[in-house]
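The values are calculated or read from the model by the stated rules, or taken from the named source; none is laboratory data. Bear in mind that the values here come from a model prediction, so they are computed numbers and not experimental data. Because the Cβ atoms are built from the backbone with ideal geometry, glycine has one as well, and the counts that use them run over all protein chains shown.
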Amino acid sequence: MIYLDYQATTPLAPEAREAMIPWLGGPDSNTFGNPHSPHRMGRMAAAAVEVAREQVAALFPPGGQVIFTGSATEAINLAIRGNAAVRSGEHTAFCAIEHAAVIDTVKAIGNWTELPVGADGVIVPDVDMPKYVGLLAVMQVNNEIGTIQPIAEMAKRAKETGALLLVDGVQAAGKMALPAEADMIAVSAHKLHGPKGIGALWVRDGLKLIPHVEGGGQEQGLRSGTLSPALCAGFGAAAAQAVERMEEDATHAEELWQIARDAFDGWTLNGSAEQRWHGNLNIRKDGLDVARLMSECREVMFSAGSACASGSGRTSHVLRAIGLSDAQAKSSIRLGWGRYTTREDMQRACSIILEAADSQG
Ligand code: PLP
């Protein structure tokens, strides 16, 4: 199988797996302690969590705290639901192509303002921002079309209205610097070769949040619940690798981008080619039957561009926001690659997909 769905999840890095194994903690080990217990085994586990926290912190700008959560979705929920301005009824403004973790959470609370993107999939920076906005949520890299948002400009817009800035950094973390202008940044381990089931919220020093999970008071009282030292250790090791290999990984992704762009020369790119992470290709071909294509290319793991991640079959809100018709969205596919994708895999996957697409006439 050739895996070209890196925006959905990524393979676990061998270094992350190695780091996790000791902390899985069988009965003959000393490593199954509860990191919140005061005895020696507990302190050993807590030390492993703190090493991981420092490794994960290296992904972020200086001047903030890392709160471990169960996922980026949970981190985003903490950032929004734990925000005093949002709780007091101020609006949350969000970009139209945000992930469901942002859009559905904000809409569930109410009081929201949606900000449009252009046909290139980039937010319009001089968009009207109402005064009653208390929180602005903008993702750094889009998960469907890979476009990179002008975070520094949006941070200025947030400051002008006195709003805090939440950045969904899930698809950017480990690939590029996360924005120093943000007040909060959410990330997920499994998108950067770490384990599934752990994410983090970075919170600027001095910013107070209201807990949304109550209980034993872990994670500075913001997110109660026993941490998994194994998941933390895996996340930490994956983050350390990502920081160390950032340039090398980006160069590799760029090489594969060139192969894919050349192969799909006659197809139309969805979203900007330049203001984009080059580990994502979202493309369309008029009249393409994507369901048939996917069933004929079982060896290649890729995604239909039209359906959102939940597999609900709804037309993607992202493709709609950049002005695509239903038919155009339905003839779109998303390919995503990264560190462990080889040139040979990419070439082979492109020819399999092209052959199947061409056979549709
Ligand atoms: N934000 C973006 C941009 C994503 O791509 C994802 C995952 O698909 C999430 C948030 C949610 O991450 P998690 O799987 O950790 O909840």
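Some observations on this one:
- Within the range 65-85, the residues that satisfy the criterion of being surrounded by fewer than 21 Cβ atoms within 10 Å (Cβ to Cβ) and away from the ligand (no atom under 14 Å from the Cβ) are GLN65, ARG81, ALA84, ALA85.
- Residue in the range 121-137 that is out of contact with any helix residue (DSSP H, G or I) (no Cβ under 8 Å at 6 or more places or on another chain) and either at pLDDT 95 or above or closer than 24 Å to HIS190 by Cα (or both) present: yes
- Among the residues making up the range 179-237, those that are of a type in the set (A, V, I, L, M), assigned to a loop (DSSP other than H, G, I, E, B) and within 16 Å of the ligand (Cβ to nearest atom) are ALA182, LEU192, ILE198, LEU227.
- Among residues of the range 48-75, those that are closer than 20 Å to GLN241 by Cβ and out of contact with any strand residue (DSSP E or B) (no Cβ under 7 Å at 6 or more places or on another chain), counted: 9
- Flag if GLN218 is surrounded by 15 or more Cβ atoms within 10 Å (Cβ to Cβ) and of a type in the set (S, T, N, Q): yes
- Screening ALA119 on (1) more than 16 Å from the ligand (Cβ to nearest atom); (2) more than 22 Å from ALA242 (Cβ to Cβ); (3) of a type outside the set (Lys, Arg); (4) free of Cβ contacts under 8 Å to residues at least 60 places away in the same chain shows it passes everything except condition (4).
- For the range 257-278, the candidate set comprises residues that are in contact with a Lys or Arg (Cβ under 7 Å, 6 or more places away or on another chain) and not hydroxyl-bearing (Ser, Thr, Tyr); within that set, the residue that is nearest to THR147 (Cα to Cα) is TRP277.
The rows are residues; the columns are (1) surrounded by 19 or more Cβ atoms within 10 Å (Cβ to Cβ); (2) away from the ligand (no atom under 16 Å from the Cβ).
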| residue | (1), (2) |
| --- | --- |
| THR9 | no, no |
| GLU18 | no, yes |
| GLY26 | no, yes |
| PRO35 | yes, yes |
| PRO38 | no, yes |
| MET41 | no, yes |
| VAL51 | no, yes |
